[in-house]
Amino acid sequence: MDNMHIAVACRNASGMPDVPVFTVAVTPRDIEEGTHYDKAIALAEDARYEGPFVCFDAEEAGPILVAARALDLIPQVVVIDMTDGAVQSVRCDAGEIKVICYDENDTEETSAAMADRPLGEGGQLVRCWAHVQTADVDPGLTKVRG
């Protein structure tokens, strides 16, 4: 069995829309028959979410991403001010993102900022110094998208 992340669009206990993500153990047969969604719905019900339930996995995320971009929930423009060789500010046009600024040249173990981070190709871990900063939303950057 493998684990799979499945998002379930539903309503939370307060009646507000929500999209929790559940991890379910799946077999190829579960995926073929769609029972992996039944497992995710059962987890949602156990967590007191309410239907109707609409499930999707990573392979079906295309329409969700299109909607998120149309609603300006996903940043498309990120501006990093590196004046004087240091990060001064990080801004984005929509949503909220964490930006990791890293440097592989200084990898001394004594630095608290040293860590293995998924920055390599395909998410490979890279041992590096990193400064993690959340980008501030700047509505003025939407004009840059054109």
When the accessible area of the chain is computed with all protein chains present and a 1.4 Å probe, what percentage of it is carbon and sulfur? 52
log10 of Debye I(q)/I(0), alpha-carbon scatterers only, for the chain at 0.14, 0.19, 0.22 Å⁻¹: -0.94, -1.11, -1.21
Accessible area per residue in Å² at 1.4 Å probe, computed on the chain: 67
Whole-Hz Karplus couplings 3J(HN,Hα) for region 54-67, θ = phi - 60° and coefficients 6.51, -1.76, 1.60, Gly and Pro as x, run 10, 9, 7, 10, 4, 6, 10, 7, x, x, 5, 5, 4, 5
Compare Asp136, Asp72 by solvent-accessible area with a 1.4 Å probe and give them largest first, with all protein chains kept in place. Asp136, Asp72
For a label point 7 angstrom out from the Cα of Glu33 toward its Cβ, which stretches of region 1-22 have the backbone nitrogen within less than 15 Å? none
How much of the DSSP bridge set in the chain is antiparallel, in percent, rounded to the nearest 5? 95
Calc'd 3J(HN,Hα), region 48-53, phi into Karplus 6.51 cos²θ - 1.76 cosθ + 1.60 (θ = phi - 60°), Hz, glycine/Pro = x, comes to 6, 7, 10, x, x, 10
Structure-based [θ]222 nm, the chain - -39500 (n - 2.57) summed over DSSP H runs of at least 4, per residue, nearest 500: -5500 deg cm²/dmol
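Please get the size of the charge dipole for the chain, origin at its Cα centre, with Cβ charges of +1 on Lys and Arg and -1 on Asp and Glu, quoted in debye to the nearest 20.
Values: 11 positive and 26 negative charges, 95 e Å.
Dipole of the chain, to the nearest 20 debye: 460 debye.
Once you compute Rg and the Kirkwood Rh from C-alpha atoms, what is the Rg to Rh ratio for region 24-99?
Working: Rg = 19.0 Å, Rh = 15.9 Å.
Looking at region 24-99, the ratio lands at 1.20.
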Could you derive backbone 3J(HN,Hα) for region 89-95 from the dihedral phi with the Karplus parameters 6.51, -1.76 and 1.60 (θ = phi - 60°), listing whole Hz in sequence and x where the residue is Gly or Pro? 7, 10, 10, 9, 7, 7, x
Along Cα→Cβ, 7 Å out, is where each label goes; now give me the distance between the ones at Glu60 and Ile74 in nm to one decimal. 1.8
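With a cap of 16 neighbouring Cβ atoms within 10 Å, and only residues DSSP puts in a loop, list the trypsin sites (Lys or Arg not before Pro) found in region 1-68.
Answer in residue order: Arg48.
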Sticking with the crude label model, points 7 Å out along Cα→Cβ, report the distance from Val19 to Asp2 in nm, one decimal please. 2.2
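The values are calculated or read from the model by the stated rules, or taken from the named source; none is laboratory data. Quantities reported herein were computed from a predicted structural model and do not represent experimental measurements. Cβ sites come from the backbone with ideal geometry, for glycine too, and all protein chains shown count toward neighbours. Side chains are part of the model used for accessible areas, which takes the heavy atoms of the whole protein and leaves out ligands, DNA and RNA. Shrake-Rupley method; radii C 1.70, N 1.55, O 1.52, S 1.80 Å.
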